[in-house]
Amino acid sequence: MTLGEQPRPVRPTVVGTTPSMAGIDPILEALDPDRSRPADVVHSKGLTLSFGQKRILSDIHIPFRRGTITALIGPTGCGKSTFLRTINRMNDKVTGFRYEGDVTLEGASIWAPRQDLLSLRRRVGMLFQRPNPFPMSIRDNVVAGVKAHQIAKGKQLDVVAEERLRQVGLWDAVKDRLKDSPFRLSGGQQQLLCLARALAVGPEVLLLDEPTSSLDPISTELVEGLLRQLTPALTLIIVTHNLGQARRASDNTMFLYEGQLVEHGPTEELFERPKEARTEHYVTGRMG
Amino acid sequence: MMAQVMRRARSARRITAGFRTVEGALWQGAARVAVLLPLAALLFAVTILAIKARPAIIVNGWGFLTRSKFDLGQSYATTVNHIHGVAVPVGASYGAGALIAGTLESSAIAVIIAVPISIGAAFALTERMPRWVSQPLGFFIELLAGVPSVLFGLWGILTLGPFLATHIYPTIANNMPNVPVLDFFRGAAGHGEGLLTTGLVLALMIVPIITATTRDLFSQVPPLPKEGGEALGMTDWEVARRVTLPWVRSGIIGATVLGLGRAIGETIAVAIVSGSLLASVAPNAYGTFGTLAAAIVTQLDSASTDGTGFAVSTLAELGLILAVISVGVNLAARLVIKRSTRLGAPVGRAT
């Protein structure tokens, strides 16, 4: 294959899926936008976290590969949500918050003095357990973050709003009521709106904290389908209580138990051939 | 409204028909009286006011609302005029224009100053301070709401007014640009009695009630939308402005109206600090003036010397206008709330 014969997409698919190509064509390698970036977008390096005297997470080592979906499973109170909320530093303001170890985003510590908290949160988006639209119009909800980060303004905002609402499949349902309140939408539609809002600022990583726990099965399926479409452009980490969802929607799974990372690996492997007895107990429903 | 209350009372009787004990019957009766008493009192007060004001309304006409005049006429004269069958002292002439304007101006100044301060204080109390600071501070603010208004008036005339007139007003008056609206703050700085001082004292009096109400509203905003804003990379200020405030907008308008109502009706503090003029508006922000409520309390004594009763009747008419303004402000606020809640979520609504 020579240059020009078959245009290669500017943004390659998941790094690592075409290892041979990089060796064959150094020019293409040079064009690769991810060339100098680490393959692991987010990397937890021995993270230990406590609130006051209470230790929540102990020595968590885990990398998150670019463009993958990682499911975070474990029984209630195991520290899943706390781990997730560490990555965009939502825990920092909790009284008694202390941490050891490090979490990196693109190789740089998220707590580095040069790391601006607001731009970290632009790069690491979040979707919550329940839809949380702002008290403003549907259109303004989508572009709220865009306005805050001054990414676009004026007429461009309408373009962004339409683009993102189309991306989450909400456009046709709301295009005639963009100026209406979001609180009249169904729960599933509200959650999609929040997804559109999170995507609008162009994050690299999306954290999802049980995003479908308050939704009906049809909306859940819709959201799960959307998540798959977001990769490989985005890296997703999803906390879920729903083992079926973890199995259906993720590439990798990590199992947390009492603040410790018991096991992590490709989802299929972890569910079919767990290495640890505790993992097996949990995924087979004997514990949880 | 009366019919509605009666209907409710009747349906209540149906539900609880058949008392087992005498106490039950007594309790039922007492509850019914308690429900109707405030309504009856209000209707009674307004009716009496209207009856008393009737002669004044007939004689003074619509011009009363725009004219600025307060002349009791010859109270001790032996002859009286009869206008439309009403006995009126010779030379008596009244107009409430200046008083209506003064009431609206001073209340507007109070609200403009008090609302931002109250919202800021409420926000700091709920979002910025640890509990052990905000709780006693909140209690203190509520305590401030209970200070008798005459003390505010005394403090305004003895301390605040002279201080402002000596140290603050001259600087503002001399440096304010000569453009519309702002030129109202130019000119003679006065002696401390007047419009701006009254506005400030009133603001101080309504800050506690607006702050306490707004604080309760803020603490009811669910955390999830606020976290959503933070997670999106908004600053605390942006979260406050775009999420928290809009969430409780209608409630804040309600709290403002509560404060405005108090400012419009405040009597004794204004009577002390305003200068208690009756027939002229303040030439600038520092000028003396008068309000409807203050005029009633300061003029009641001399009005009772009018043997025809016409002066007292005129004061009743002032009271009636005051009531109409208060109710009008309330209704207008309700309209605003209706409009502004289109996008906001009702307070406490789960998301």
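The values are calculated or read from the model by the stated rules, or taken from the named source; none is laboratory data. Nothing here was measured: the structure is a model prediction, and the numbers come from that model. All Cβ positions, glycine included, derive from the backbone under ideal geometry; neighbour counts span all protein chains shown. To get the accessible areas, we keep the full protein, side chains included, count just its heavy atoms, and leave off ligands, DNA and RNA. Shrake-Rupley method; radii C 1.70, N 1.55, O 1.52, S 1.80 Å.
Would you point out the residue of the stretch A:170-202, among those that are surrounded by fewer than 16 Cβ atoms within 10 Å (Cβ to Cβ) and under 17 Å from A:Leu222 (Cβ atoms), that is nearest to the other protein chains (Cβ to nearest Cβ)?
A:Gly187
Select from the stretch A:120-142 the residues that are among the charged types (D, E, K, R) and within 7 Å of chain B (Cβ to nearest Cβ) and write down the one among them that is most open to solvent (accessible area, probe 1.4 Å).
Quick first cut of the stretch A:120-142, residues among the charged types (D, E, K, R) only: A:121-123, A:130, A:139-140.
Adding the requirement that they be within 7 Å of chain B (Cβ to nearest Cβ) leaves A:121-122, A:130.
Numbers: A:Arg121: 19, A:Arg122: 68, A:Arg130: 109 Å².
Result: A:Arg130.
Starting from the stretch A:252-264, take each residue that is on the phi > 0 side of the Ramachandran plot and list its partners that are in a strand (DSSP E or B), counting only C-beta distances under 8 angstrom and pairs at least six apart or across chains.
Close Cβ pairs (under 8 Å, with a partner that is in a strand (DSSP E or B)) amount to A:Gly259/A:Arg55; A:Gly259/A:Ile56; A:Gly259/A:Leu57; A:Gly259/A:Ser58.
Residues B:Arg242, B:Arg215, B:Arg186: which one is open to solvent by 40 Å² or more (accessible area, probe 1.4 Å) and within 14 Å of chain A (Cβ to nearest Cβ)?
Numbers: B:Arg215 fails: within 14 Å of chain A (Cβ to nearest Cβ); B:Arg186 fails: within 14 Å of chain A (Cβ to nearest Cβ).
Testing whether each residue is open to solvent by 40 Å² or more (accessible area, probe 1.4 Å) and within 14 Å of chain A (Cβ to nearest Cβ) leaves just B:Arg242.
Only residues that are of a type in the set (S, T, N, Q) and open to solvent by 20 Å² or more (accessible area, probe 1.4 Å): list them for the stretch A:247-288, please. Give the steps one after another, and end with the answer.
So in the stretch A:247-288, the residues of a type in the set (S, T, N, Q) come out as A:250, A:252-253, A:260, A:267, A:279, A:284.
Across the stretch A:247-288, the qualifying residues are A:Asn252, A:Gln260, A:Thr284.
Condition test on A:Ser219, is it open to solvent by 60 Å² or more (accessible area, probe 1.4 Å) and under 30 Å from B:Met234 (Cβ atoms)? Quick ask: steps written out before the conclusion?
Working: open to solvent by 60 Å² or more (accessible area, probe 1.4 Å): no; under 30 Å from B:Met234 (Cβ atoms): yes.
When the stated conditions are applied, A:Ser219 does not pass them.
Suppose we filter the stretch A:203-212 for residues that are more than 11 Å from chain B (Cβ to nearest Cβ) and not polar (S, T, N, Q); how many remain? Write out each step before concluding.
We begin by selecting, within the stretch A:203-212, every residue more than 11 Å from chain B (Cβ to nearest Cβ); these are A:204-205, A:208, A:210-212.
So of that shortlist, the ones also not polar (S, T, N, Q) come out as A:204-205, A:208, A:210-211.
Adding up the residues that qualify gives 5.
Filter the stretch A:232-247 down to residues that are in a strand (DSSP E or B) and touching an Asp or Glu at 6+ places or on another chain (Cβ under 7 Å), then give me how many there are. Give the derivation first.
Of all residues in the stretch A:232-247, those in a strand (DSSP E or B) come to A:235-239.
Pick out the ones that are also touching an Asp or Glu at 6+ places or on another chain (Cβ under 7 Å) and you get A:235, A:239.
Of the residues in the stretch A:232-247, 2 are in a strand (DSSP E or B) and touching an Asp or Glu at 6+ places or on another chain (Cβ under 7 Å).
For the stretch B:42-69, give me each residue that is open to solvent by less than 60 Å² (accessible area, probe 1.4 Å), over 22 Å from B:Pro89 (Cβ atoms) and without any contact (Cβ under 8 Å) to a residue 40 or more places away in the chain.
Residue satisfying the conditions is B:Ala45 alone.
Among the numbered criteria (1) open to solvent by 40 Å² or more (accessible area, probe 1.4 Å); (2) over 30 Å from B:Val243 (Cα atoms); (3) not β-branched (Val, Ile, Thr), which single criterion is violated by B:Leu195?
Every condition holds for B:Leu195 apart from (1).
Name, by its number, the condition in (1) exposed (fewer than 12 other Cβ atoms within 10 Å of the Cβ); (2) touching a Phe, Trp or Tyr at 6+ places or on another chain (Cβ under 9 Å) that does not hold for B:Asn174.
It is condition (2) that B:Asn174 fails.
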